[in-house]
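Visitor: Structure in structure tokens, see below.
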């Protein structure tokens, strides 16, 4: 049985364990857009900027450690100011227990409250579990980028998905 998991807005005290979790998932080489976490100082600056601007960034915390996160970060260009990009990940032992759905639901609520009207994401085509989860929360497939990812000499397609708030 999993220990209890609380979902809260990210705070300064979460940065170190967020960075560790980010690095772990990145090194799996299967889900994120980087293969290791950025340097700690960059991650810290990123999180503190998100907090300063009130951007929707939630963390799942268990036993005082960040075990997952979901954020919806606004696009900085004025013509895309209504659009946010969703990112999510969980440590392996916490996957497929409903935590991802809780994170997405709360992050989408926070994005709507923040004033965003569209949320988009990209997901690797072979990540069918994630694609089905996104569909469950209203995302639809909007496109495919062929051979968009190259990891360990293997190309992967990237699916573009989007959600409009009515």
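The values are calculated or read from the model by the stated rules, or taken from the named source; none is laboratory data. Since the structure is predicted, the reported quantities are computational estimates derived from the model, not experimental observations. Neighbour counts run over all protein chains shown; Cβ positions are idealised from the backbone, glycine included.
Visitor: Evaluate the range 108-117: report whether one residue or more is outside any loop (DSSP other than H, G, I, E, B), more than 17 Å from the chain's Cα centre (by Cα) and closer than 23 Å to residue 53 by Cβ.
Guide: yes
Visitor: Kindly indicate the residue of the range 82-107 that is in contact (Cβ under 8 Å) with a residue 40 or more places away in the chain and part of a loop (DSSP other than H, G, I, E, B) and also surrounded by the most Cβ atoms within 10 Å (Cβ to Cβ) among those meeting that condition.
Guide: Out of the qualifying residues, it is 91.
Visitor: Let me ask you something else. Considering only residues that are surrounded by fewer than 16 Cβ atoms within 10 Å (Cβ to Cβ) and within 18 Å of residue 26 (Cβ to Cβ), which ones fall in the range 43-59?
Guide: Correct list: 45 only.
Visitor: Could you look through the range 9-23, keep only residues that are over 14 Å from the mean Cα position of the chain (by Cα) and farther than 13 Å from residue 71 by Cβ, and pick out the one that is surrounded by the most Cβ atoms within 10 Å (Cβ to Cβ)?
Guide: 15
Visitor: Identify all residues within the range 29-47 that are within 26 Å of residue 118 (Cβ to Cβ), part of a helix (DSSP H, G or I) and in contact with a helix residue (DSSP H, G or I) (Cβ under 7 Å, 6 or more places away or on another chain); write none if there are none.
Guide: Initial filter on the range 29-47 (within 26 Å of residue 118 (Cβ to Cβ)): 31-34, 46-47.
Narrowing further to those that are part of a helix (DSSP H, G or I): 46-47.
Scanning the range 29-47 gives a single hit, 47.
Visitor: Check residue 3 against each of (1) surrounded by 12 or more Cβ atoms within 10 Å (Cβ to Cβ); (2) more than 22 Å from residue 131 (Cβ to Cβ); (3) in contact with a strand residue (DSSP E or B) (Cβ under 7 Å, 6 or more places away or on another chain); (4) in contact (Cβ under 8 Å) with a residue 12 or more places away in the chain and name the one condition it does not meet.
Guide: (1)
Visitor: Separate question: Do we have any residue at all in the range 6-19 that's modelled with pLDDT of 95 or more, closer than 16 Å to residue 88 by Cα, part of a loop (DSSP other than H, G, I, E, B) and in contact with a helix residue (DSSP H, G or I) (Cβ under 8 Å, 6 or more places away or on another chain)?
Guide: The answer is yes, given that some residue of the range 6-19 is modelled with pLDDT of 95 or more, closer than 16 Å to residue 88 by Cα, part of a loop (DSSP other than H, G, I, E, B) and in contact with a helix residue (DSSP H, G or I) (Cβ under 8 Å, 6 or more places away or on another chain).
Visitor: Ok, one more. Tell me which residues, restricted to the range 136-166, are more than 15 Å from the chain's Cα centre (by Cα) and within 21 Å of residue 98 (Cα to Cα).
Guide: Matches in the range 136-166: 136, 138, 140.
Visitor: Something else: Regarding residue 151, is this residue under 17 Å from residue 29 (Cα atoms) and out of contact with any strand residue (DSSP E or B) (no Cβ under 8 Å at 6 or more places or on another chain)? Working first, answer last.
Guide: Working: under 17 Å from residue 29 (Cα atoms): yes; out of contact with any strand residue (DSSP E or B) (no Cβ under 8 Å at 6 or more places or on another chain): yes.
When the stated conditions are applied, residue 151 passes them.
Visitor: Same structure again: Condition first: under 26 Å from residue 146 (Cα atoms), out of contact with any helix residue (DSSP H, G or I) (no Cβ under 7 Å at 6 or more places or on another chain) and in contact (Cβ under 8 Å) with a residue 24 or more places away in the chain. Can you find one or more residues in the range 52-75 that meet it?
Guide: yes
Visitor: Please determine whether any residue of the range 123-132 is assigned to a strand (DSSP E or B) and closer than 20 Å to residue 105 by Cβ.
Guide: From the range 123-132, those assigned to a strand (DSSP E or B) are 123-124; that's our starting set.
After this cut, where a residue has to be closer than 20 Å to residue 105 by Cβ as well, the list is 123.
Looking through the range 123-132, at least one residue is assigned to a strand (DSSP E or B) and closer than 20 Å to residue 105 by Cβ.
Visitor: Among the residues of the range 135-157, write down those that are in contact (Cβ under 8 Å) with a residue 40 or more places away in the chain and not in a strand (DSSP E or B).
Guide: 152
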